[in-house]
Amino acid sequence: MSSVNWNARFSDIALNVKPSPIRALIKYTKTPGVISFAGGNPDPAVFPVSEFAEASAILTREGRDVLQYGSTDGYGPLKDYIAKWMAPRMGRETKPDEMIITTGSQEGMDLLTSVLVNNGDTIIVEGPTYPGALHAMRNRGARFLSVPCDKDGLCVDMLPSIIEQGRKDGHNIKLIYTIVNFQNPSGATLSEERRAKLLEIAEKYDLIIFEDDPYGHLRYNGEHLPTIFSMDKKNTGRVVYACSFSKILAPGTRVAWIVGEAELMQKLIMIKQGTNLCTSVVAQALVYEYCRLGYLDSFLPKIVAHYSKKRDAMGAGFKKYLPSNACYQTPEGGFFFWIQVPGIDSKALFMKAIEHGVAFVTGPSFYVDESGIDFIRTCFTFAQPEELEEGAKRLGAAIKAL
Ligand SMILES: Cc1ncc(COP(=O)(O)O)c(C=O)c1O
């Protein structure tokens, strides 16, 4: 038996860290027979397994390089590929010293926070927002101010008063974190007008915008909107952009990228040197070869068509089975429906839903102040097509039974 009193030794961060609220629910979602709308997982049915295996030929061809340590900013050919592929979205081809390959976007947000945020500094986040971001930022000692969202995303008009009041209250605000497209969890997309306003506000109050965009390529209807990064025509350098292969290829690759001014990226690189030296070169090379063979472009429309059908099936199920007071927008892309059932306690509903054989994520997981009790998030990408209507039926029955 251990004789070490760990609690007396843990750092303040370790003492205060909490398990991810979504991961804490996973054990229930694994109950046999439960249909999971909980985790934000892609559908393994659209993982391009044989094409990815074909890409492993790069190991035979260039194994002596790719099995070696790589440079911290990432595998050059992959960076070049991404810069060209992303140029229409970024408004230009970004330069190599403006991009770092990271081990998932999750690492990007950790690095950015560690470079810009001192213990006790404040980050402005959306309410609701992605709990993984809150987790990464909390690990680095961040505090938060939350801005409400509506169907067009972050309510930017409320930002100035929140910033001014926050400053009066002693907050040292460093960053605005926004998930611009098909937000996790709300599914909302920040309108173009609001993107422009957000830039103006960041400029006026001298803040950095962190534009997190892992779902942007997964649009099922409507037109793509310009990234905030590309709207920064004056090249102020205020916008840091992140994207990932997790949702458009496979999250097991753990390959993502972050783009920002070279001076800022240099600091991220130095921090990353102390974290993992570099993202797995093997993973980066496999992803690169997959892209070079043309599969990223040829698979994306298939993934979009597949998820679009799943979104429609979940939407049809909700229309049929959810009570008439349930409020939600059909998302134009991404992974999630965000549903408000006024007056319901989503934590109590979760347990009832498990009894009925369906799982989701409760609203408070997505708010810094754990509000949002009558909201739930359902993911439509992971469950199998035949489970989407049945899961909606079970959810409707659980709400009725509560
Ligand atoms: C909004 C958002 N950002 C970042 C991530 C992390 O993605 P990655 O797998 O690239 O670390 C996720 C994962 O679900 C997410 O929803």
**Report entry** Cα centroid separation, region 162-195 to region 49-82 (Å)
**Finding:** 36 Å
Query - Cα gyration tensor, region 168-322 - rounded (a/c under 1.5), prolate or oblate - result: oblate
Query - Label point distance in nm, LYS27-ASN118, each placed 7 Å from Cα along Cα→Cβ - result: 4.1 nm
Report summary line: Expressed as a whole-number percentage, the relative contact order of the chain with C-alpha contacts under 8 angstrom and at least six residues apart is 24 percent
Report task. Order by neighbour count: SER308, SER3, SER20, fewest other Cβ atoms within 10 Å first, most last. Result -> SER3, SER20, SER308
Query raised in the report: Just how large is the dipole of the chain about the Cα centre, in debye to the nearest 20, putting +1 at every Lys and Arg Cβ and -1 at every Asp and Glu Cβ?
Result: 680 debye
Query raised in the report: Going through the DSSP H helices of the chain, which span 24 Å or more along their own axis at the Cα atoms while scoring at least -0.5 as a mean Kyte-Doolittle hydropathy?
Result: 295-321
Report summary line: Between the modelled labels at ASP12 and GLN273 (7 Å from Cα along Cα→Cβ) the distance in nm is 2.8 nm
Report summary line: Convex hull around the C-alpha positions of region 50-293: the volume in Å³ per residue is 117 Å³
Query - Unsatisfied cross-links (Cα-Cα over 22 Å) in the set LYS197/LYS233; LYS174/LYS347; LYS320/LYS352; LYS79/LYS234; LYS27/LYS347 - result: LYS174/LYS347; LYS79/LYS234
Query raised in the report: Going highest first, how would you order 390-400, 368-378 by mean Cβ packing within 10 Å?
Result: 390-400, 368-378
Query raised in the report: Hey, got the Cα dimensions of region 6-131 along the principal axes, in Å, largest first?
Result: 49, 46, 36
Report summary line: So ALA316 and SER191, fully extended at 0.36 nm per residue minus their Cα-Cα distance, gain in nm 42.4 nm
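Values in this text are rule-based calculations from the coordinates and carry no lab data. None of these values were measured; they are calculated from a predicted model. Counting neighbours? That spans all protein chains shown, and the Cβs are built from the backbone with ideal geometry, glycine included.
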